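Here the structure is laid out as structure tokens; the discussion comes afterwards.
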Amino acid sequence: MTAAIVGIGSALPERAVPNSHFAAIGSSDEWIVKRTGIRQRHFLPEDGHLADLALAASRTALAQSGRTAREVGHVVVATTTPDRTTPGLAVEVAARLGADRAAAFDLHAACAGFVYALDHAVALIESGRASAVLVCGAEALTRITDHEDRSTAVLLGDGAGAVVVADVDPAPSAGTRTGPSVEPAFRLGSDGELIPLLYADRYDRKLRMDGPEIFVQAVERMSEAARDVLARRELTADDVDLFVAHQANARIVRAVGKELGVAPERLYLNVDRVANTSSASIPLALHQAWREGRLGPTGLLGVAAFGAGVTWGAGVIGWHLTEPEAEPVEAG
């Protein structure tokens, strides 16, 4: 048995916000698209609940996995913007799912949170401490956005994505280098010396960023971590069926893909539709890729992320999925 992704889901707020929304702060559609690749993002209402998005994404992932909520041993929600200071989102999501036997906790590693949580889920499966783990990334970044700062306001959106990680039989083609037959591998890292590059403090409570330096650091750290993971499993970029990096900026994602030698058709981008959703971006992108037919029933996924802290990580993990539902899930 090996750990693989067996279910995916996503949820977006109903309100889609086009680039024209930012004309009042001096940002045109052309300016935003050229520098970021973003065309729209989704905003949760001020009185909206992030838990509703997390729950919708998690329900979809669980339904696709064919597991029941009571089979989930752990619920891990990666977020920097929970509805409450305490308790976190995970305990509410677990309760509303009916996962009454599950341990539940939030994980805060900024935009790298989902990769950190995915690594944790795999470790639980491999150690035999769980047979199914629900991992959700959920963010309402508009809560910590300075909407007058065009260097950050145009980048950020809200949303949620989730996966179920479970122990599965290796693919029928075991012995090949793809899909669930490959043992997952991850590399995580952090450097607190770089906190001033991207942070939100308890007084200002708004994200502040050194964009040019973050660009350089993100490309370098994600590429290095991904190369390490591939080498550890004796893989090349050609062995990865789909590579999904944190959707912070189209230029960053493409630069990482170029550094790794990922073929354009295997590099997934959806930042144009949802912008930067922090820890939600990878699972949200993965679910949209599945709906678009970019994933087969089984395959090998490469992931990489970089965020405030600074934190970063990369990994490879197989997927084993059934047919997707017909329409995207939206909530709130």
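Among the candidates 210, 239, the residue that is closer than 26 Å to residue 8 by Cβ and acidic (Asp, Glu) is uniquely 239. Within segment 11-55, being among the small types (Gly, Ala, Ser), touching a residue at least 12 places away in the same chain (Cβ under 8 Å) and open to solvent by 10 Å² or more (accessible area, probe 1.4 Å) holds for 16, 26, 37, 48. Taking the criterion of being open to solvent by 50 Å² or more (accessible area, probe 1.4 Å) and either β-branched (Val, Ile, Thr) or not in a loop (DSSP other than H, G, I, E, B) (or both), the residues of segment 124-145 that qualify are 126, 127, 143. Applying the set (1) more than 27 Å from residue 37 (Cα to Cα); (2) hydrophobic (A, V, I, L, M, F, W, C); (3) without any contact (Cβ under 8 Å) to a residue 24 or more places away in the chain to residue 216 leaves exactly one unmet item: (1). No other residue among 183, 148, 224 is charged (D, E, K, R), assigned to a helix (DSSP H, G or I) and surrounded by fewer than 20 Cβ atoms within 10 Å (Cβ to Cβ) apart from 224.
Taking the criterion of being in contact with a strand residue (DSSP E or B) (Cβ under 9 Å, 6 or more places away or on another chain), closer than 28 Å to residue 268 by Cα and of a type in the set (Ser, Thr, Tyr), would at least one residue in segment 64-71 satisfy it? Scanning segment 64-71, I find at least one residue that is in contact with a strand residue (DSSP E or B) (Cβ under 9 Å, 6 or more places away or on another chain), closer than 28 Å to residue 268 by Cα and of a type in the set (Ser, Thr, Tyr), so the answer is yes.
Residues that are buried (at least 20 other Cβ atoms within 10 Å of the Cβ) and of a type in the set (Val, Ile, Thr) number at least 3 in the following helices (runs of 4 or more DSSP H) confined to segment 246-310: 250-260. Restrict the check to segment 71-91 and report whether at least one residue is aliphatic (A, V, I, L, M), surrounded by fewer than 21 Cβ atoms within 10 Å (Cβ to Cβ) and over 19 Å from residue 107 (Cα atoms). For segment 71-91, residues aliphatic (A, V, I, L, M), surrounded by fewer than 21 Cβ atoms within 10 Å (Cβ to Cβ) and over 19 Å from residue 107 (Cα atoms): absent. When residue 103 is tested against (1) modelled with pLDDT under 95; (2) in contact with a His (Cβ under 6 Å, 6 or more places away or on another chain), exactly one condition is not met: (1).
The values are calculated or read from the model by the stated rules, or taken from the named source; none is laboratory data. Quick caveat, the model's predicted, so the values are computed rather than measured. Cβ atoms come from the backbone with ideal geometry, glycine included; neighbour counts cover every protein chain shown. Surface accessibility is based on the protein's heavy atoms, side chains included, excluding ligands, DNA and RNA. Shrake-Rupley method; radii C 1.70, N 1.55, O 1.52, S 1.80 Å.
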